[in-house]
Amino acid sequence: MPGTTNGSTSTKIMGVLTVGGLVAVTAYTVALGSNGWLWFGWVVLGLLTLGMVAAGNG
């Protein structure tokens, strides 16, 4: 099932990007102070990742 493998790979990549984004936004916040747009972007990325996971499981 090639489609399943690609979906799984895409979901893993999105998960890694989401976690990496969280680390980057947290580091930025600690070093330079909070930026609402960065957190908003991370939340959107997280929601997209959750959507991909839900679509893959459905």
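No lab work stands behind these numbers, since they all come straight from the coordinates. Just so we're clear, the structure is a prediction, and the values are computed from it rather than from any experiment. Positions of Cβ are backbone-derived with ideal geometry, glycine not excepted, and every protein chain shown enters the neighbour counts.
With each label point set 7 Å from Cα along the Cα-Cβ vector, what nm distance links residue 16 and residue 34?
Result for the modelled spin labels: 3.2 nm.
Using 0.36 nm times the number of residues separating residue 43 and residue 24, minus their current alpha carbon distance, what extension gain do you get?
Here the segment from residue 43 to residue 24 would lengthen by 5.5 nm.
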